[in-house]
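The values are calculated or read from the model by the stated rules, or taken from the named source; none is laboratory data. All values reported here derive from a predicted model rather than from experimental measurement. When we count neighbours, we look across all protein chains shown, and the Cβ atoms used for this are built from the backbone with ideal geometry, even at glycine. These area figures cover heavy atoms from the full protein model, side chains too; ligands, DNA and RNA do not enter into them. Shrake-Rupley method; radii C 1.70, N 1.55, O 1.52, S 1.80 Å.
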Amino acid sequence: MARRPELGLFQLLAGAGNALLDLVYPPSCLVCRKAVATQGAICAECWREIAFIERPYCERLGTPFDQDLGQKGLISLEASANPPAFGRARAVARYDSDKARLLAHRLKYYDRLELARPIGRWMARAGAELLSDADVLVPIPLHRLRLLSRRFNQSAALAQAISRESAVPLETMALLRVKPTAPQVGLSRAQRAANLSGAFRVAPERAAAIAGRNVVLVDDVLTTGATANAATRALLRAGAARVDLLVFARAVTSA
Ligand SMILES: [Zn+2]
């Protein structure tokens, strides 16, 4: 799919009002492009297939349980065996759903302006519990070299949308990615951790925005958690009171 050259116009029209926008760009499903009633929506068929994550899930990792054991506050075996550095993680959808993966990919490479708002809205809903006592939203940063080649950070676009939705302030300058890291694909758990060791730090001049605060880290996708854990440790070292994690899609390996 080619980058849409008219995105600037799309934004302009979005600012001018929905009626005008609908006239020029009839609302279409964010996933399959079929006609839908409102901008920023997905059709009923895609909605069914997107694999939204709902309770019951692990209170720590946010991974869905196969069956409802009827108890509240349960923690998965994975969370007790390998506790993450972050407190609680919440996700909108399972990354193993084709449609969620497609949306995450588009957000990263093509349609970020069009997708960040609606996806951010879903994330604000999925993470309502985390956001209700959060002081600040921090997107997972890209290293500046990666940012140059990609030109935008999808996590920052999502965090901005969530901030707008939840009124939790956004802090984009505090957490820095100071080490360019090799792609994580194909690395073992230990290799991933080594790859990311020292990758993040909090900028000393922005440390006051983090120290003593409840932070919600924002990323588009969560797979092994290695990146989120490394970023969390940097925030905790800078004195964050708590770090929770909110993502759009997460890998779900075990029940
Ligand atoms: Zn659709």
Qualifying residues in segment 60-77 (those that are surrounded by 18 or more Cβ atoms within 10 Å (Cβ to Cβ) and farther than 27 Å from Leu30 by Cβ) - the one farthest from the chain's Cα centre (by Cα):
Ser76
For residues in segment 43-59 being exposed (fewer than 13 other Cβ atoms within 10 Å of the Cβ) and more than 19 Å from Val221 (Cα to Cα), which is nearest to the ligand (Cβ to nearest atom)?
Ala44
Within segment 200-214, is there a residue that is touching a Ser or Thr at 6+ places or on another chain (Cβ under 7 Å), within 17 Å of Pro141 (Cα to Cα) and not basic (Lys, Arg)?
no
Consider segment 146-169. How many of its residues are in contact with a helix residue (DSSP H, G or I) (Cβ under 7 Å, 6 or more places away or on another chain), under 21 Å from Leu113 (Cβ atoms) and open to solvent by less than 60 Å² (accessible area, probe 1.4 Å)?
8
Cβ-Cβ under 6 Å pairs, at least 6 apart or on other chains, segment 96-113 side within 12 Å of Ala157 (Cβ to Cβ), far side open to solvent by 60 Å² or more (accessible area, probe 1.4 Å):
Leu113/Gln11
Residue match in segment 215-224 (condition: within 23 Å of Pro83 (Cβ to Cβ) and open to solvent by 50 Å² or more (accessible area, probe 1.4 Å)):
yes
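Here is a yes/no grid of residues against (1) at positive phi; (2) touching a helix residue (DSSP H, G or I) at 6+ places or on another chain (Cβ under 7 Å); (3) modelled with pLDDT of 95 or more:
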| site | (1), (2), (3) |
| --- | --- |
| Gln67 | no, no, no |
| Ala85 | no, yes, yes |
| Ala91 | no, yes, yes |
| Asp96 | no, no, no |
| Leu102 | no, no, no |
| Tyr109 | no, no, no |
| Arg117 | no, yes, no |
| Trp122 | no, no, yes |
| Ala126 | no, no, yes |
Determine if segment 181-204 includes at least one residue that is farther than 23 Å from Pro83 by Cβ, modelled with pLDDT of 95 or more and open to solvent by 10 Å² or more (accessible area, probe 1.4 Å).
yes
Residue that is most open to solvent (accessible area, probe 1.4 Å), among those in segment 119-145 that are within 15 Å of Asp220 (Cα to Cα) and in a loop (DSSP other than H, G, I, E, B)
Leu142
For the subset of segment 7-33 comprising residues that are surrounded by fewer than 13 Cβ atoms within 10 Å (Cβ to Cβ) and within 16 Å of the ligand (Cβ to nearest atom), which member is modelled with the highest pLDDT?
Arg33
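Just to be sure before I move on: is Leu77 on the phi < 0 side of the Ramachandran plot, assigned by TED's automatic domain parsing to the domain that holds Leu222, in contact with a helix residue (DSSP H, G or I) (Cβ under 7 Å, 6 or more places away or on another chain) and more than 10 Å from the ligand (Cβ to nearest atom) in the structure I sent?
The answer is no for Leu77.
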